[in-house]
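Structure first, commentary second.
The values are calculated or read from the model by the stated rules, or taken from the named source; none is laboratory data. Everything quoted here is computed from the prediction, not taken from an experiment. Counting neighbours? That spans all protein chains shown, and the Cβs are built from the backbone with ideal geometry, glycine included.
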Amino acid sequence: MGRQWLHAKREVASLKKSKTTSKFVREITLAARQGADPALNARLAAALERARKESVSRDIIERAIQKGSGTGGGKDSLEHMVFEGYAPHKVPLIVEVYTDNHNRTAPEIRVLFKAGSLGSSGSNKFLFDQVGIVEAHHPKTDTDREAAAIEAGANEVEALTHAQNDDIPEDSCGAKFLSERAAVHGVADWLKKNGWTVVTSEQGYVPKNYPELSDEQRGEVGTFLQSLEDHDDVHRVWAAVR
């Protein structure tokens with residue numbers, strides 16, 4: 001999940017991402033656009049797993065799936081918007097938003113940029129690679145991440161711990177796999193079939209470079225990014241913070 005900045009923020013500022021039912025519903029709705037069967041849709045399966053852990057009701061989950069897949073009476077009217085800009089200390093970031101009213105949301109996001117100390121908007125997508133991201137864990141702590149990445153068809157892999165992602169159990173082998181955007185479903189599918197539990201499966205952005213920041217600066221960046229994340233329509237915040 002675009003959570004690089006969130007991981008750093010947890011370590012530096014001891015802040016935690018707020019998980020609301022509305023954001024789980026949106027994620028399920030968006031994932032269901034790719035199909036209503038979680039067995040064939042890794043992103044939906046991961047979204048359902050997280051929602052159930054947070055005790056989102058079955059009725060709410062079913063309505064979100066129907067809305068996203070077009071199988072229910074409701075219509076998915078969410079519009080995708082992307083904002084590019086900078087957090088304090090010139091940290092580049094990309095904000096993905098899904099909204100049913102862009103005339104309301106766009107000005108609100110711009111206000112947040114202006115309100116953030118030293119935050120600013122501006123084109124910067126060239127500073128990121130667009131990739132497929134799969135986060136998963138295996139019950140055997142000695143599992144070979146590199147071998148799994150090769151077999152799954154991922155381009156890169158790195159260790160992922162519980163401190164970085166609450167969905168990774170402490171006594172497991174956690175990993176973040178990066179792939180081509182079009183290959184993300186195949187990577188997640190192979191992992192699921194080979195003993196891994198997938199907690200995130202999505203297309204996103206990975207920074208090409210990371211600015212050097214002091215602990216105080218990282219805390220300021222984290223506070224600014226939290227203000228963006230707290231907006232109801234913000235789906236993901238991708239930022240160049242380790």
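Within region 163-217, the set of residues being assigned to a helix (DSSP H, G or I), hydrophobic (A, V, I, L, M, F, W, C) and over 28 Å from E54 (Cβ atoms) comprises A182, A183. Looking only at residues in region 184-205 that are at pLDDT 95 or above and of a type in the set (A, V, I, L, M, F, W, C), the one that is surrounded by the fewest Cβ atoms within 10 Å (Cβ to Cβ) is W190.
Somewhere in region 97-106, is a residue under 16 Å from the mean Cα position of the chain (by Cα) and touching a residue at least 12 places away in the same chain (Cβ under 8 Å)?
Taking every residue of region 97-106 in turn, at least one turns out to be under 16 Å from the mean Cα position of the chain (by Cα) and touching a residue at least 12 places away in the same chain (Cβ under 8 Å).
Taking the criterion of being modelled with pLDDT of 95 or more, in a strand (DSSP E or B) and of a type in the set (S, T, Y), no residue of region 94-146 qualifies.
For region 16-26, state whether one or more residues are buried (at least 16 other Cβ atoms within 10 Å of the Cβ), modelled with pLDDT under 90, closer than 14 Å to A64 by Cβ and touching a helix residue (DSSP H, G or I) at 6+ places or on another chain (Cβ under 7 Å). Yes; the residues of region 16-26 include at least one that is buried (at least 16 other Cβ atoms within 10 Å of the Cβ), modelled with pLDDT under 90, closer than 14 Å to A64 by Cβ and touching a helix residue (DSSP H, G or I) at 6+ places or on another chain (Cβ under 7 Å). In the set T143, T223, T200, only one residue is in contact (Cβ under 8 Å) with a residue 60 or more places away in the chain and touching a strand residue (DSSP E or B) at 6+ places or on another chain (Cβ under 8 Å); that residue is T200. Any residue that is out of contact with any Ser or Thr (no Cβ under 6 Å at 6 or more places or on another chain), over 24 Å from F83 (Cα atoms) and of a type in the set (D, E, K, R) - is there at least one of those in region 196-217? Checking region 196-217: at least one residue is out of contact with any Ser or Thr (no Cβ under 6 Å at 6 or more places or on another chain), over 24 Å from F83 (Cα atoms) and of a type in the set (D, E, K, R).
Residues in region 45-78 that are within 21 Å of G186 (Cα to Cα) and at pLDDT 90 or above: L48 only.
The residues of region 56-72 that are among the small types (G, A, S) and assigned to a helix (DSSP H, G or I), listed by number, are A64, G68, S69. When region 55-84 is filtered for residues that are on the phi > 0 side of the Ramachandran plot and either within 22 Å of the chain's Cα centre (by Cα) or among the polar types (S, T, N, Q) (or both), only S55 remains.
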